[in-house]
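Have a look at the structure below before the remarks.
What follows draws every value from the coordinates through simple rules; no lab data is involved. Everything quoted here is computed from the prediction, not taken from an experiment. Please note: Cβ atoms are built from the backbone with ideal geometry, for glycine as well, and neighbour counts cover all protein chains shown.
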Amino acid sequence: MTKMLSDFISLGDVAKRLGCEPWQVRRLFEKRILPPAHRIGMYRVVEKNELPKIKTALVEAGYLKH
């Protein structure tokens, strides 16, 4: 199955959707709490279906409330 560009979202957009700061999302990847994000050009991106997993990681890291 081929992924479409529309299947991905930038880390900045993840932060906007989840109500946190972009650095908090990046930190999850930098500390290897989550596997490395894909790159499209200069942007780090994740698949939209990974949002629940990222939200859980942000809560566990103390960056978001339940």
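Pull up the cross-link candidates among the lysines for K31, meaning alpha carbon to alpha carbon under 18 Å and not fewer than 8 places away within one chain.
Once the sequence-local lysines are set aside, what remains near K31 is K53, K55.
Ignoring the sites themselves, what is the longest stretch of the chain with no trypsin sites (Lys or Arg not before Pro) in a DSSP loop and at most 13 other beta-carbon atoms within 10 Å?
33-64
For the modelled label position 7 Å from the Cα of S6 along Cα-to-Cβ, which residues of the range 14-52 have backbone nitrogen atoms closer than 14 Å?
Under cut-off, by backbone N: 48.
Could you size up the charge dipole of the range 5-60 around its Cα centre, putting +1 on the beta carbon of Lys and Arg and -1 on that of Asp and Glu, and report it in debye to the nearest 20?
Dipole magnitude for the range 5-60 comes out near 120 debye.
Work the Kirkwood hydrodynamic radius out for the chain: mean of 1/r over every pair of different alpha-carbon atoms, inverted, in Å.
Value: 12.0 Å, from the Cα pair sum.
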